[in-house]
């Protein structure tokens, strides 16, 4: 099902601004842009469904070493600080590759709706 768009979906990862201050610095991932931010936690030996979205693209910022991410056909182990761009309609999956949970900060651009998920494989037998 195609979700109606409330915000444009970028084709590429939006620029990330590095802002320096006297006390240090910060990275700004979505400056005045419409987005949905989620903190995902995946327990050991668990993973999300292999899925894609019609109504959004996602930027994942890895917070813990050991996040295993599939984008398209590529599967890679990631470290804290890695950024992963997931274009709209691209198959992707997050898994925990260590014995403690991994966290990933998701910045979704477009129209975040649960009903825009297409599942290709799911360990929990949820419907597509």
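Taken together, the values in this text are just the output of simple stated rules run on the coordinates, not laboratory data. Here the structure is a predicted model, which means the values were calculated and not measured. Glycine gets a Cβ as well: all are built from the backbone with ideal geometry, and neighbour counts include every protein chain shown.
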Which whole-angstrom value gives the distance between the alpha carbon centres of the range 23-59 and the range 102-128? 11
Running a GNM on the chain with Cα contacts under 10 Å, which residue among 99, 65, 116 ends up with the highest mean-square fluctuation? 99
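Using only the C-alpha atoms of the chain, find the volume of their convex hull and express it per residue in Å³.
Taking the convex hull of the Cα positions in the chain, it is 106 Å³ per residue.
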Of 70-80, 48-58, ordering from highest average Cβ density within 10 Å down gives 48-58, 70-80
